[in-house]
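K.L.:
Structure provided below as structure tokens; questions to follow.
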Amino acid sequence: MSSVLSNPQQRVVKAACPHDCPDTCAMHVTVEGETRMPDGTVLGTRAVKVAGDAAHPTTAGVLCNKVARYLERTYAADRLLHPMRRVGPKGPNARFEAISWGEALEAITSRFKAIATDDPQGILPYSYAGTMGIVQANSIDRRFFHKLGASLLDRTICSNAGKAGMDITLGGNIGMEMERFDEAKLILLWGTNPVTSSVHLWTRVTEAKRRGAKVIAIDPYKSLSAEKCHQWLPINPGTDAALALAMMHVLVRDDLLDHDYIAKYTLGFEQLKERVAQWSPARAAQITGLEAADIESLARDYGNARGESGPAAIRINYGLQRTAGGAMSCRTIACLPALTGAWRHAAGGVLLGTGSTYPVNVKALERPDLIWNKPRTINMSTLGDALLDLKEPPVRALYVYSSNPAAVAPESGKVLEGLMREDLFTVVHDCFLTDTCDYADIVLPATTQLEHFDIHKSYGHLYWLVNHPAIAPVGESKSDSEVFRLLAARMGFTEPCLFDSDEQIAAVAIDTTHPYNEGITFEKLKEQGWMRLNVPERWMPFAEGNFRTPSGKCEFYSEKARQLGLDPLPDFIAPRESPQSNPALAEKYPLMVISPPARNFMNSTFGNIKVLADAEKEPFLDMHEIDARARGIADGAMVRIFNGRGAFQARARVRNHARPGVVAAISVWWHKKAPGKLNANAVTSQALTDLGRGPTFYDCLVEVELAAEASA
Ligand SMILES: Nc1nc2c(c(=O)[nH]1)N[C@H]1C(S)=C(S)[C@@H](COP(=O)(O)OP(=O)(O)OC[C@H]3O[C@@H](n4cnc5c(=O)[nH]c(N)nc54)[C@H](O)[C@@H]3O)O[C@H]1N2
Ligand SMILES: Nc1nc2c(c(=O)[nH]1)N[C@H]1C(S)=C(S)[C@@H](COP(=O)(O)OP(=O)(O)OC[C@H]3O[C@@H](n4cnc5c(=O)[nH]c(N)nc54)[C@H](O)[C@@H]3O)O[C@H]1N2
Ligand code: SF4
Ligand SMILES: [Mo]
């Protein structure tokens, strides 16, 4: 779908940013020339510009600094152009030779067939959100592996714990929308750094600030956002539920409540009252490391943000759910707006994600009915253990796409040891020779977003988007959907749905029976580029209750949680690894390390794009001067960060941006681009969250010492 520009050589193609980011921007790709594809369609010969769509309300014409460089990614000199086979040993020094697609597909399917004769569960797909596209990442891939009988993958690595927490209190991951934050009078950025990870939300926060709103960051680290807030509350990692409980204590004690809202739309207020009575600010202060007075004043700010002085908007994000009690933290914070009635306003409430708002036809996309063998499920967040320990049957083949587990999965020591297994057959489909590719038997070149078709939903706003291909695939690269069609044919599969075209797949995604999709058709979406869900302009999902919980109310008390063997009421679950909760471990490893995302990377994506890696400079470890001085570490020194699981190196930045006792390793660097060739996941653990089976990246004790200057 394209329109003609004043320069007749150029056309603009409507596209969408594919990355794992709540903003899901609408893009315009300008192309030159005409390349006729085998099926007769005409694509651009070269993309010359990417820009944000000015008409799309959240994108507002702006792409972030990373995706503004998308052409550098698409045309990077190190782009994978051909299928390759490894020659020589697996590991960081792996070497490859180019092979044809025919040879690559034959190598893969002959191995899959051999494993399948024994037990196809020996095959494990591994994917996450390299692209968030529904067609490329969440449809035909599932159909193929279901038909094959492969092990199922539990895709938990990012957001499962938080979603599970929201599900208990609200009945789904539904909340206020980012477009309304500019009208809030109080904004809590709670475990989130939107300057880095949601720049279009930050625009709204800045506008709210300009209009007089107070903005408070609750974060162990003075992030790029925290340093621009009115107040920074440097909380101990993993203690957010204790803070929320103490806030509720004050709200109840000082009667800063919306009694009408509570009576009509909530469940279990009396029990909650008893619970929070036990959570004085003084008690929470000991756990959170904050001053009791600061907790009091935060609670009063929140409770008073009503009427003329309101509403209050809380942005929580995934930073605060990567600890042992991550789901409980989200669940507990999600109780706050129901106490004050903030949900009555479009600019009030809480936002973790908007994903569950979209009616998507998941069954039609993924076709779980093709599963024939009751396969086991393997958690992607414990890949190391899965590769090393599983016996019945062991993982014999791993097919990685849209993910870079060698770099991003916790406890890399075990992940890499597992990937080194000589008897493991690994395929990686990616645009670049990532850390994971170093362990692959076969590497397949993937298209970028400019080279394939897709449709997208968002987890920050409420629009469907289309992504039309702008240019022909670079080199011999192929999209995920194309590769799965080819693999299905070579496996001898005949189910028609394994051969659906991209547009056929996309056409079933939008569940048109649901009122939120009323008026939205695939044809219109293709034409227009993006379409808002059929929800009111001023979206207030819970203004009149309508929670998706079993009771239809905001559940302070949750019978569902009780049935899961959990506390039916909000509570605090201590981190597994902190000086307070595990003093014995803290004697050896006294510092808590968090590894939040770098502004110029998208997880490990863009880690190889020079201009962006140069902007990040090198892996840094932010330390407080108290912790640095105690270890003889000066600003700029190379340090070694270690625990019983492993070690990595980084350049110390002693500037008091991390609270004392916490160090922050800005991530995710490629192992092979880090000094010592290991990134922060060398020390993280495979322990899981209270609910949602999520990873606990930020629940991690380490010690830090001076390192010999590493050779990079
Ligand atoms: N530029 C860029 N953008 C990204 C990404 C990226 O890698 N780079 N990643 C994308 C992805 S996959 C995701 S999931 C999102 C993540 O988005 P966010 O979850 O918003 O991640 P961050 O922006 O790092 O913000 C998390 C903040 O939580 C803080 N934090 C860590 N532990 C705790 C804690 O226990 N309690 C509290 N209160 N705060 C804590 C960290 O210091 C950090 O400042 O961002 C997406 N956007
Ligand atoms: N220590 C630490 N570790 C973390 C985090 C952290 O904060 N700290 N964050 C975690 C989080 S929130 C997440 S979401 C995960 C992210 O983990 P992943 O989803 O694995 O994300 P990326 O590292 O960006 O890797 C995505 C890969 O997909 C490739 N890709 C892009 N488009 C396509 C495509 O169309 N097809 C195919 N086949 N490949 C494509 C990219 O080139 C890239 O190599 O990392 C987690 N790991
Ligand atoms: S802000 Fe997010 S959605 Fe927008 S271009 Fe950047 S990565 Fe993509
Ligand atoms: Mo994520």
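K.L.:
Examine the stretch 23-42 for a residue that is touching a Phe, Trp or Tyr at 6+ places or on another chain (Cβ under 8 Å), closer than 26 Å to residue 604 by Cα and within 16 Å of ligand 4 (Cβ to nearest atom), and state whether such a residue exists.
P.N.:
Yes.
K.L.:
Looking only at the stretch 13-33, filter to residues that are within 14 Å of ligand 2 (Cβ to nearest atom) and hydrophobic (A, V, I, L, M, F, W, C); which one of those is surrounded by the fewest Cβ atoms within 10 Å (Cβ to Cβ)?
P.N.:
Out of the qualifying residues, it is 21.
K.L.:
For the stretch 61-120, name all the residues that are surrounded by fewer than 13 Cβ atoms within 10 Å (Cβ to Cβ), aliphatic (A, V, I, L, M) and under 24 Å from residue 415 (Cβ atoms).
P.N.:
87 - this is the single residue of the stretch 61-120 that is surrounded by fewer than 13 Cβ atoms within 10 Å (Cβ to Cβ), aliphatic (A, V, I, L, M) and under 24 Å from residue 415 (Cβ atoms).
K.L.:
Scanning for something within 16 Å of ligand 1 (Cβ to nearest atom), touching a strand residue (DSSP E or B) at 6+ places or on another chain (Cβ under 6 Å) and open to solvent by less than 10 Å² (accessible area, probe 1.4 Å), does the stretch 37-50 turn up at least one residue?
P.N.:
No - not one qualifying residue is present in the stretch 37-50.
K.L.:
Another one. Take residue 586 and tell me if it is within 16 Å of ligand 1 (Cβ to nearest atom) and either open to solvent by less than 60 Å² (accessible area, probe 1.4 Å) or under 23 Å from residue 191 (Cα atoms) (or both).
P.N.:
no
K.L.:
Taking the options 299, 364, 334, name whichever one is in contact (Cβ under 8 Å) with a residue 40 or more places away in the chain and outside the structural domain of residue 182 (by TED's automatic domain parsing).
P.N.:
Going through 299, 364, 334 in turn, just one is in contact (Cβ under 8 Å) with a residue 40 or more places away in the chain and outside the structural domain of residue 182 (by TED's automatic domain parsing): 364.
K.L.:
Only one of 78, 119 is charged (D, E, K, R), at pLDDT 95 or above, more than 15 Å from ligand 2 (Cβ to nearest atom) and over 25 Å from the mean Cα position of the chain (by Cα); which?
P.N.:
Sole residue among the options that is charged (D, E, K, R), at pLDDT 95 or above, more than 15 Å from ligand 2 (Cβ to nearest atom) and over 25 Å from the mean Cα position of the chain (by Cα): 119.
K.L.:
I'd like the full set of residues that are in contact with a Gly (Cβ under 8 Å, 6 or more places away or on another chain) and not hydroxyl-bearing (Ser, Thr, Tyr), limited to the stretch 124-157.
P.N.:
Hits for the stretch 124-157 are 137, 157.
Each row is one residue, and each column tells you yes or no for (1) of a type in the set (A, V, I, L, M, F, W, C); (2) within 18 Å of residue 312 (Cα to Cα); (3) touching a strand residue (DSSP E or B) at 6+ places or on another chain (Cβ under 9 Å).
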{"position": "246", "(1), (2), (3)": "yes, yes, no"}
{"position": "263", "(1), (2), (3)": "yes, no, no"}
{"position": "269", "(1), (2), (3)": "yes, no, no"}
{"position": "275", "(1), (2), (3)": "no, no, no"}
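K.L.:
Based on this model, can you work out whether residue 165 counts as within 16 Å of ligand 3 (Cβ to nearest atom) and buried (at least 23 other Cβ atoms within 10 Å of the Cβ)?
P.N.:
Taking the combined requirement at face value, the residue does not satisfy it.
Residues are listed down the side, and each one gets a yes or a no for (1) within 19 Å of residue 336 (Cβ to Cβ); (2) of a type in the set (Ser, Thr, Tyr); (3) within 16 Å of ligand 4 (Cβ to nearest atom):
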residue: 164; (1), (2), (3): yes, no, yes
residue: 169; (1), (2), (3): yes, yes, no
residue: 172; (1), (2), (3): yes, no, no
residue: 203; (1), (2), (3): no, yes, no
residue: 207; (1), (2), (3): no, no, no
residue: 211; (1), (2), (3): no, no, no
residue: 217; (1), (2), (3): yes, no, no
residue: 226; (1), (2), (3): no, no, no
residue: 235; (1), (2), (3): yes, no, no
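K.L.:
Let me ask something else. Can you report the number of residues in the stretch 16-26 which are part of a strand (DSSP E or B) and within 16 Å of ligand 1 (Cβ to nearest atom)?
P.N.:
1
The values are calculated or read from the model by the stated rules, or taken from the named source; none is laboratory data. Predicted model, so just to flag it, every value in this text is computed and none were measured. As a convention, Cβ positions derive from the backbone with ideal geometry for all residues, glycine included, and neighbour counts pool all protein chains shown. All accessible areas refer to the heavy atoms of the entire protein, side chains included, with ligands and DNA or RNA removed. Shrake-Rupley method; radii C 1.70, N 1.55, O 1.52, S 1.80 Å.
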